[in-house]
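> Shown below is the structure under consideration.
The values are calculated or read from the model by the stated rules, or taken from the named source; none is laboratory data. Bear in mind that the values here come from a model prediction, so they are computed numbers and not experimental data. All Cβ positions, even for glycine, are placed from backbone atoms using ideal geometry, and neighbour counts span all protein chains on display.
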Amino acid sequence: MEHSVFSGRTRGLPAVSVAPRSSSFLSAPCALLTTKDMRPVFGSARPDARPTDGPSSGTAVCTFSRVVGSQIALVSVSTRGDYARDLSYLFPSEGKPVAGIGNLAVITPTEPAHGEITVELGQNSIAIDVVSTPGRVDDNLLVHVAKDAVSDRPTVAQRGHG
């Protein structure tokens, strides 16, 4: 069941966001999750990480992936600083609200092997998109990864791979 989560300036785009550790600073997206955090998606395999900037100013993306034959696992983490001032971005206005992560967290509906969660903290957002084929991406997995991304502890970039 979908719920409207905002009555303010939001848009129902399929984005996944997880808010940063402070109201104005965002860590690089590749630094938000450790190998251990992503174990439910990748198992014991170490995923490849590919950082990119954009698509617009104040945004960055890190894509963690592992492809073996016809099986693919992917976690994409997108950060967006000061999203409320970016008229090109719309925080999801529909989806399933999740308590206990940032100011607001929303799981947007997707397919069984694909899931998205958006979390807002202050002025920033972090979007997490998970794909696992063959496999199933459920709400519990999305919540687990989102909580890890916004937790206040050392990350891969600060302490090495973990």
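> Kindly list the number of the only condition in (1) at pLDDT 80 or above; (2) at negative phi that fails for Leu87.
Failing condition for Leu87: (1).
> Now for a separate question. Conditions first: (1) at pLDDT below 70; (2) farther than 19 Å from Ser151 by Cβ; (3) among the hydroxyl-bearing types (Ser, Thr, Tyr). Ser23 passes all but one, so which condition is the exception?
Unmet condition: (2).
> Then there's this: Just checking, does segment 59-70 include any residue being at positive phi and crowded, with 19+ Cβ neighbours inside 10 Å?
No: zero hits.
> Now a separate question. Please state which of the following conditions Lys36 fails to meet, knowing it meets all the rest: (1) under 20 Å from Val143 (Cβ atoms); (2) buried (at least 18 other Cβ atoms within 10 Å of the Cβ); (3) among the basic types (Lys, Arg).
Every listed condition holds for Lys36 apart from (2).
> Working only within segment 126-144, note down all residues that are β-branched (Val, Ile, Thr) and either under 16 Å from the mean Cα position of the chain (by Cα) or in a helix (DSSP H, G or I) (or both).
Selection gives Ile126, Ile128, Val130, Val131, Val137, Val143.
> Restricting to segment 127-149, and then to whatever is modelled with pLDDT under 90 and surrounded by 19 or more Cβ atoms within 10 Å (Cβ to Cβ), can you tell me which residue is nearest to Leu90 (Cα to Cα)?
Step by step, filter segment 127-149, then rank; the result is Val137.
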